[in-house]
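*Asks:* To start, I am sharing the structure in question, which I have written as C-alpha cells.
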Amino acid sequence: MRYSDEDLLAMVGEERKRSVGFGEGDSGELVTERERALRFYQGDVTKDIPVMANRSQAVSTDVAEAVETALPDLMEIFIGGDDIATFQAQSAEDEKQAQIESDYVRHVIFAENDGFLAFNTAFKDALLIKTGLFHWWWDEEGKEEFTPWMAPDQLAIELQNEGVDPAGVELESDEQGMQRAKRVSIVSKVCIRAVPPEDFTVARDTVDLNSATYCAMRDRPRVQDLIARGVDAETARQLKSYTQPDQTISEARDEAGEQTLIGQDGKGDLRIVEVRSHYIRLLDDEGELSIWRIDTDSEETVLISKEEVPSIPFGAITPYMNPHRFYGESVADKLIEIQKIKTTLWRMQLDDGYFALNQRMAVNMNLANEYTIPDLLNNVPNMPVRTNGDGALAPIRAGGLNFDVLSAMEQASVMGEQRSGIVRNAQGLKPDTLHDTAKGAMVLITAAQKRLRYIARVFAETGVKDLFRGVHELLRQGYGQDTDNGKARSKPHVKLRKQWMDVDPASWPERQAVDVGIGSAGREHDMMVMGQIMQTQAEMLAAGLGGIGEE
C-alpha cells in the first residue's frame, strides 16, 4: 500500500472532522433535529411549549401515532411473504440457480440472523430520525470440540481414519493413561444488524453509499469483546474508556435512565471503549480506487487494524428522499409542528374546562367574615361559603374560547396527514369518515395506501436492495476462501422450500440485478384494501347515509 499507518490515521481523522453524522465536526443541526424528534416521540415538548403553573400539561402524540401506524404496515409488506427480494436470472438455464440463491440469502437474513429485529429497528429509525441503516459483515468463531477418551493407539487410528495427522493435534491425557484430542472448528456466518444513525457519519458530498468516498461507524464494545474478536490484547487494553461529552441522542432514547451512569465504567477488561471503523476510498499503486477499512480509537490516534474490502457494507433508507443529498426527511420532521399546534389547542380546551369548574370570585371584604376566604378556598361541591350578607361574592367572567377547539384539532390532524401521507384511514375509520361519500372514503383509503407503499418502494430500492446484494457478495467471497486453519469451508446444508439441499455459495456468479417485491403479499395487500372499502360502505349503509356511487 502506498500509504503508511500514520498517513491513514491522518486521512481518516480529517475526513471524519469534515463528515456529517456524529455531530462533532459539523454544525450539529442533524443531532439537534434527531434529539427533538425523539423527545416529541416520547411526548416531551417542554422545550418547545413551556408549561404554565396550574395549567394543563396534556400533550398530543402525533409523531408517535404516525410512526406506530406506519411501522406495522411496512413490516408486513417486507416480512409477510417469501418474495422480499429475488435475484434476476441471467438466462433460462439460470432460473433455478437464481431462485436457490435468493432463497438462501433470505434464509441467512431471517433464519441465521434476527432479520425481523434488524428491519424493525432500521425502519423505525428512518421514520423517526431520518435514516435507517443496515450493516453486514463476515464473522468467524473458533469452536472447541473433544473426541471421547480412548487408548492412545486407538485414538491415533481414529484420527488417521479421519485424515487427521495425530502429530498436529493437541492431546490431553488422564490419570489412567487414556487420551482425547481437541479439535478447533471454525464457525463462519454472515451477520447483519441495524446501526444507530447517530453512530454513523458520511462525507459531505455523499449521495449514494455505494460510491461514497468516506463513511464511518462507531461502536462501543468492552475490552474483552475486542480481544475475543482477535484484536491484539495490548492494543485493546491501551484504549481509553468510553466517555460521551454530548449525550443528547442517547439520553433522548432512554426510557429507564440508562445513560445516567455512563461515567461509572467497569474495571479491567470489562471497560467500555469506543472503536471507529472508517471506510475510505483511496488510489492504490496502480492508480485504481480501492476501499479500505481502518479501525481506530475514538481520537484516530491508535490504529487497531486495516484491511482492503470489496465494498462499503452499509445500506441506508429514508422515507422522504431529498434529491442529490444523502439525508432525507423523517415522519417526525413532517409532524412536529402539527404536534405543537394540537398540544396547544388541547391545553386551551382543558384549561377552559378547568376554569369553568373552578370559577374565580370577587370578594367584597366589607361583607366577608373570618370564614369567607377559607370556605371559598375549600372548593368542594355542596359546601357553603359563610358571609355577612348578600353581594359578598360575585363571579369574575373570564373570556371563553370563541372557536370550536375540536374542529381546529381535526383540521390540524388533516394537515398532518397531508404532510406525511400517513392517515388514520390506513388503520381504520376516522371519526368523520361516515360523513364522506362512499367514493370519497375510497379515495382517502387508496391515497393513504399509495403514499405508504411509495415509502416502502423507496426503502426497497435503497437500503433493502443493498442489504441483499451485500449478503450475496459476502457469501460468495466467504465460502470461496479457506478458514483460518487452512481448511476449505464446508458447504451449508439447509432446508429451502421444504427441501434439504447443499448450497455452494463459492460457485455463485456475481449478481447485481435484484427485484425487491414490496408487496410480499401484493394480492393480500390489495384484498386488505378492498376489505377496508367494503367495511366503510357497510357502515355508511348501516348509518342510513346512502351516497353510494356519488361523485
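The values are calculated or read from the model by the stated rules, or taken from the named source; none is laboratory data. On a predicted model such as this, the values are computed, not experimentally measured, just so you know. Glycine also receives a Cβ, built like all others from the backbone with ideal geometry; neighbour counts cover every protein chain displayed. Accessible surface areas use protein heavy atoms only, side chains included; no ligands, DNA or RNA. Shrake-Rupley method; radii C 1.70, N 1.55, O 1.52, S 1.80 Å.
*Asks:* Can you list residues from other chains, or at least 5 along the same chain, whose modelled amide H is less than 5 Å from the amide H of ALA212?
*Replies:* HN-HN under 5 Å from ALA212: empty list.
*Asks:* I've got another one for you. Work out how far the C-alpha atoms of the stretch 274-360 reach from end to end along every principal axis, then list the three figures in whole Å, largest first.
*Replies:* On the principal axes, the stretch 274-360 reaches 83, 32, 15 Å in Cα extent.
*Asks:* Pull up all non-local amide H partners of ARG183: gap of 5 or more, or a different chain, and H-to-H distance under 5 Å with H placed in the peptide plane.
*Replies:* Those qualifying (amide H under 5 Å, at least 5 residues apart or on another chain) are GLU145, PHE146, THR147.
*Asks:* Please work out the Cα center distance from the stretch 222-245 to the stretch 102-176, rounded to the nearest Å.
*Replies:* If you average the Cα positions of each part, the centres end up 23 Å apart.
*Asks:* Over the stretch 1-81, one equal point on each Cα, no solvent: what is log10 I(q)/I(0) by the Debye formula at q = 0.13, 0.22 Å⁻¹?
*Replies:* -0.72, -1.02
*Asks:* ³J(HN,Hα) across the stretch 276-292 via Karplus (A = 6.51, B = -1.76, C = 1.60, θ = phi - 60°), whole Hz, x for Gly/Pro?
*Replies:* Couplings: 10, 9, 9, 10, 10, 9, 10, 6, 8, 5, 8, x, 9, 7, 9, 9, 10 Hz.
*Asks:* Distance from the Cα centre of the stretch 342-361 to that of the stretch 377-409, in angstrom?
*Replies:* Spelled out, the Cα-based centre of one part sits 12 Å from the other.
*Asks:* How much length is gained if the chain between GLU158 and HIS493 is pulled fully straight, taking 0.36 nm per residue apart and subtracting their Cα-Cα distance, in nm to one decimal?
*Replies:* Going from the current span to full extension adds 118.1 nm.
*Asks:* For the stretch 302-368, what does the accessible surface come to per residue with a 1.4 Å probe? Please give it in Å².
*Replies:* Accessible area per residue: 53 Å².
*Asks:* Also: Using the Kirkwood radius over Cα pairs, work out the Stokes-Einstein diffusion coefficient for the stretch 352-427 at 10 °C and 1.306 mPa s, in µm²/s as a whole number.
*Replies:* Rounded to a whole number, D works out at 98 µm²/s.
*Asks:* Any chance you could run the full-extension gain for SER27 through ARG281? It's 0.36 nm times the residue separation minus the Cα-Cα distance, nm to one decimal. Intermediate values should be presented prior to the final figure.
*Replies:* Details: separation 254, 0.36 × 254 = 91.44 nm, distance 2.46 nm.
Contour length minus the Cα-Cα distance gives 89.0 nm.
*Asks:* A further question follows. If you roll a 1.4 angstrom probe over the protein chains with everything in place, what fraction of the accessible area of the stretch 14-150 belongs to carbon and sulfur, to the nearest %?
*Replies:* Solvent-exposed carbon and sulfur of the stretch 14-150 make up 48 percent of the total.
*Asks:* Considering the options THR201, ALA181, GLN160, tell which one lies farthest towards the positive end of the dipole of the stretch 122-235, charges being +1 on Lys and Arg and -1 on Asp and Glu at the Cβ, about the Cα centre.
*Replies:* THR201
*Asks:* Check the straight Cα-Cα distances from LYS47 and name the aspartates and glutamates below 14 Å, setting aside those fewer than 8 residues away within the same chain.
*Replies:* GLU33, GLU35, GLU337
*Asks:* Mind checking the full-extension length gain between GLU288 and GLU308? Use 0.36 nm per residue of separation minus the Cα-Cα distance, one decimal, nm.
*Replies:* Extending this stretch completely gives an extra 5.9 nm.
*Asks:* Okay, next question. Going 7 Å from the Cα of ASP5 along its beta-carbon direction, which residues of the stretch 306-328 have the amide nitrogen within less than 13 Å of the resulting point?
*Replies:* Label zone hits: 306-307.
*Asks:* If you don't mind, there's one more thing I want to ask. Using label points projected 7 Å from each Cα along Cα→Cβ, tell me how many nm separate GLN90 and VAL51, to one decimal.
*Replies:* The two pseudo-label positions are separated by 6.4 nm.
*Asks:* Taking the inverse of the average 1/r across all pairs of different Cα atoms in the stretch 61-117, what Kirkwood radius in Å do you get?
*Replies:* After inverting the pairwise mean of 1/r, the radius is 13.3 Å.
*Asks:* Moving on to the next point. Once label points are set 7 Å from the Cα along Cα→Cβ at both ARG360 and LYS17, what is their separation, rounded to one decimal in nm?
*Replies:* Taking the two extended label points, one gets 5.8 nm.
*Asks:* In debye, nearest 20: dipole of the stretch 61-137 around its Cα centre with unit charges on the Cβ of K, R (+) and D, E (-)? Mind showing how you got there, number by number?
*Replies:* Numbers: 4 positive and 15 negative charges, 54 e Å.
Taking the Cα centre of the stretch 61-137 as origin, the dipole is about 260 debye.
*Asks:* At 7 Å along the Cα-to-beta-carbon direction for both LYS267 and ALA538, put a label point, then send me their distance in nm to one decimal.
*Replies:* For the pair LYS267/ALA538, the computed spacing is 6.6 nm.
*Asks:* Could you pull the Rg and Dmax for the stretch 23-146, using just the Cα atoms, both in Å?
*Replies:* Values for the stretch 23-146 (Cα only, Rg and Dmax): 21.8, 76 Å.
*Asks:* Straight-line reach from LYS491: which lysines have a Cα under 20 Å away, not including same-chain ones fewer than 8 places off?
*Replies:* Within the straight-line cut-off, LYS491 pairs with LYS96, LYS143, LYS189.
*Asks:* Continuing with the same structure: Can you compute 3J(HN,Hα) from phi for each residue in the stretch 212-222, using the Karplus curve 6.51 cos²θ - 1.76 cosθ + 1.60 with θ = phi - 60°, rounded to whole Hz and x for Gly and Pro?
*Replies:* 5, 7, 8, 7, 8, 10, 10, 9, 10, x, 7
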